[in-house]
1. Among the candidates 20, 15, which residue alone is in contact with a helix residue (DSSP H, G or I) (Cβ under 6 Å, 6 or more places away or on another chain), without any contact (Cβ under 8 Å) to a residue 24 or more places away in the chain and outside the structural domain of residue 89 (by TED's automatic domain parsing)?
2. Go through segment 72-88 and give me each residue that's without any contact (Cβ under 8 Å) to a residue 40 or more places away in the chain and surrounded by 11 or more Cβ atoms within 10 Å (Cβ to Cβ).
3. Kindly provide the set of residues from segment 15-33 that are part of a strand (DSSP E or B) and either modelled with pLDDT under 95 or surrounded by 12 or more Cβ atoms within 10 Å (Cβ to Cβ) (or both), ordered by number.
4. Within 19 Å of the chain's Cα centre (by Cα), in contact (Cβ under 8 Å) with a residue 24 or more places away in the chain, in the same structural domain as residue 84 (by TED's automatic domain parsing) and surrounded by 13 or more Cβ atoms within 10 Å (Cβ to Cβ): does that describe residue 69?
5. Kindly indicate whether any position in segment 3-12 is surrounded by 12 or more Cβ atoms within 10 Å (Cβ to Cβ) and over 15 Å from the mean Cα position of the chain (by Cα).
6. Report yes if some residue within segment 1-14 is within 24 Å of residue 91 (Cβ to Cβ) and modelled with pLDDT under 90; otherwise report no.
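The values are calculated or read from the model by the stated rules, or taken from the named source; none is laboratory data. Keep in mind that this is a model prediction, so the values were computed, not measured. Using ideal geometry, Cβ is built from the backbone for each residue, glycine included, and neighbour counts are taken over all protein chains shown.
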């Protein structure tokens with residue numbers, strides 16, 4: 001048996017990347033009543049080019065002006081998530097003051 005599932009997630013990161021909410025489609029395959037395979041069918045709502053452009057602008061800004069936060073993009077810890085939010089806030093604040 002095969003079922004489809006489309007979870008949607010909203011958060012400040014996706015909002016900054018102009019892809020809020022992010023909805024992804026999965027196919028769940030069941031064997032004997034248990035999930036036997038999960039297929040990621042992608043996100044039809046995502047604009048990956050815009051996502052990459054926004055992400056790269058943020059990373060480059062942080063590298064130049066706030067090197068203490070550099071590396072946040074690959075840090076999957078709680079501290080990395082906090083640094084990501086801090087990076088977004090600093091980036092947005094500098095854009096507001098210009």
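1. On the way: 15 fails: in contact with a helix residue (DSSP H, G or I) (Cβ under 6 Å, 6 or more places away or on another chain).
Selected residue: 20, the only one of 20, 15 that is in contact with a helix residue (DSSP H, G or I) (Cβ under 6 Å, 6 or more places away or on another chain), without any contact (Cβ under 8 Å) to a residue 24 or more places away in the chain and outside the structural domain of residue 89 (by TED's automatic domain parsing).
2. To start, the set of residues in segment 72-88 that are without any contact (Cβ under 8 Å) to a residue 40 or more places away in the chain comprises 72-83, 86-87.
Across segment 72-88, the qualifying residues are 72, 73, 75, 80, 81, 82, 83, 86, 87.
3. Taking segment 15-33 first, the residues part of a strand (DSSP E or B) are 22-23, 25-31.
22, 23, 25, 26, 27, 28, 29, 30, listed by residue number.
4. Details: within 19 Å of the chain's Cα centre (by Cα): yes; in contact (Cβ under 8 Å) with a residue 24 or more places away in the chain: no; in the same structural domain as residue 84 (by TED's automatic domain parsing): yes; surrounded by 13 or more Cβ atoms within 10 Å (Cβ to Cβ): yes.
No; evaluated as a whole, the condition is false for this residue.
5. yes
6. Keep residues of segment 1-14 that are within 24 Å of residue 91 (Cβ to Cβ), which gives 9-14.
If we keep only those that are modelled with pLDDT under 90 as well, we get none.
Scanning segment 1-14, I find no residue that is within 24 Å of residue 91 (Cβ to Cβ) and modelled with pLDDT under 90, so the answer is no.
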